[in-house]
1. Looking only at region 194-215, how many residues end up being open to solvent by 10 Å² or more (accessible area, probe 1.4 Å) and more than 14 Å from the chain's Cα centre (by Cα)?
2. Quick check on this structure: which one of G192, G213, G187 is of a type in the set (G, A, S) and modelled with pLDDT under 95?
3. Out of the residues in region 216-264 meeting the condition of being surrounded by 13 or more Cβ atoms within 10 Å (Cβ to Cβ), more than 17 Å from the chain's Cα centre (by Cα) and of a type in the set (S, T, Y), tell me which one is modelled with the lowest pLDDT.
4. I want to confirm something. Restricting to region 165-174 and keeping residues that are open to solvent by 50 Å² or more (accessible area, probe 1.4 Å) and closer than 16 Å to V252 by Cα, which single residue is nearest to the chain's Cα centre (by Cα)?
5. Does region 56-71 hold any residues that are open to solvent by less than 30 Å² (accessible area, probe 1.4 Å) and farther than 14 Å from K15 by Cα, and which are they?
6. Only residues in region 149-164 that are open to solvent by 70 Å² or more (accessible area, probe 1.4 Å) count as the first member; pair them with residues that are part of a loop (DSSP other than H, G, I, E, B), Cβ under 8 angstrom, at least 6 apart or cross-chain, and list the lot.
7. Give the residues of region 100-126 that are surrounded by 19 or more Cβ atoms within 10 Å (Cβ to Cβ) and of a type in the set (A, V, I, L, M, F, W, C), sorted by residue number.
8. For residues that are β-branched (V, I, T) and either in contact with a strand residue (DSSP E or B) (Cβ under 8 Å, 6 or more places away or on another chain) or farther than 12 Å from P221 by Cα (or both), scanning just region 1-24, find the one that is modelled with the lowest pLDDT.
Amino acid sequence: AYIGPEIPLENIVVKPRHSLVVQSREASESKTTVNGDGFGLAWYQAHPDPGLYREVLPAWSDSNLSSLCRLLQSRLFLAHVRASTMSESVRTNCHPFVFKQWSFMHNGQIGHFERLKRAIEGSLSDELYQARTGTTDSEMFFLLLLNAGLEQDPHAAIRIVINDLIEASRAQNLEPFLRLSCVFSDGNTLFGFRYATDQFSPTLYLSRTLDNGGTCLASEPLEGDIHNWEAVKCGTFVRISPDKTEHTALDVSGCCASGISCVA
């Protein structure tokens, strides 16, 4: 994800030595090396709601992607490549997910999701329940965040949903299992966080400086100089505006609260 001066999407998605397109077939820090179960873009321009393009093809094989990324310019955009862990490869299951002005994407998983789904989806408002189009745990997590007040207080919404999922697991005598690295936006601010109930939270990096003065969140650094990137610590919430970046502890139970060091 990127926020900053308006740039072509290709500057992040296509051009870097370790761009997102490269990561779709040669990821070095994800659970799987190949992320070929679809991809998506969400970008903001003059309209408050984001544009959205999603496809089930692997990012490296879609002939439209490089052209779109060359011509589309944006001050804030999200891009994702998918490796499915449970749900089928259809367009509605590809990230990012959008609702009104919000866009959202997720790496990781909600353990026991099929066992928990019936109980947790009942907590959604009628509007959010009807807004669901796919079958992934990622989209459900996004809708739960919206239901918990994402628009008013993103930090608080994350804590509420994580704690609710932990309690829902325990209510069914299941060991809570969450691995979450999420990035989302309302079109003005970029948010991200990293969390796990064990020590294996999916990676999340923050660029210290990009050549054009913008800021990027990525699952893996986009170029060779690792010193231009810092790993977001597990259990941390990041809020990025065009002129400021803030790090805050999530303050929820789990690996970081227990003093266990996360991998990467």
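The values are calculated or read from the model by the stated rules, or taken from the named source; none is laboratory data. Just so it is clear, the model here is predicted, and its values are computed rather than measured. Because the Cβ atoms are built from the backbone with ideal geometry, glycine has one as well, and the counts that use them run over all protein chains shown. Protein only, heavy atoms only, side chains kept; ligands, DNA and RNA dropped before computing areas. Shrake-Rupley method; radii C 1.70, N 1.55, O 1.52, S 1.80 Å.
1. 11
2. Working: G192 fails: modelled with pLDDT under 95; G187 fails: modelled with pLDDT under 95.
Only one candidate qualifies: G213.
3. Looking at residues that are surrounded by 13 or more Cβ atoms within 10 Å (Cβ to Cβ), more than 17 Å from the chain's Cα centre (by Cα) and of a type in the set (S, T, Y), I get S253.
4. In the first step, residues of region 165-174 are kept if they are open to solvent by 50 Å² or more (accessible area, probe 1.4 Å); the result is 167, 170-173.
This time we only want the ones that are closer than 16 Å to V252 by Cα, so: 167, 170.
Working: E167: 23, R170: 26 Å.
Among those that are open to solvent by 50 Å² or more (accessible area, probe 1.4 Å) and closer than 16 Å to V252 by Cα, it is E167.
5. Of the residues in region 56-71, the ones open to solvent by less than 30 Å² (accessible area, probe 1.4 Å) are 58-59, 62, 65, 69.
If the condition is that a residue be open to solvent by less than 30 Å² (accessible area, probe 1.4 Å) and farther than 14 Å from K15 by Cα, then P58, D62 are the ones that fit.
6. The qualifying pairs are E151/D186; R159/L250; R159/D251; R159/V252; I160/A148; I160/G149; D164/S123; D164/A148.
7. Correct list: W102, F104, M105, I110, F113, L116, I120.
8. Step one: of region 1-24, the residues β-branched (V, I, T) are 3, 7, 12-14, 21-22.
Retained after the next criterion (residues that are either in contact with a strand residue (DSSP E or B) (Cβ under 8 Å, 6 or more places away or on another chain) or farther than 12 Å from P221 by Cα (or both)): 3, 7, 12-14, 21.
Values: I3: 96, I7: 95, I12: 90, V13: 90, V14: 85, V21: 74.
Within region 1-24, the match that is modelled with the lowest pLDDT is V21.
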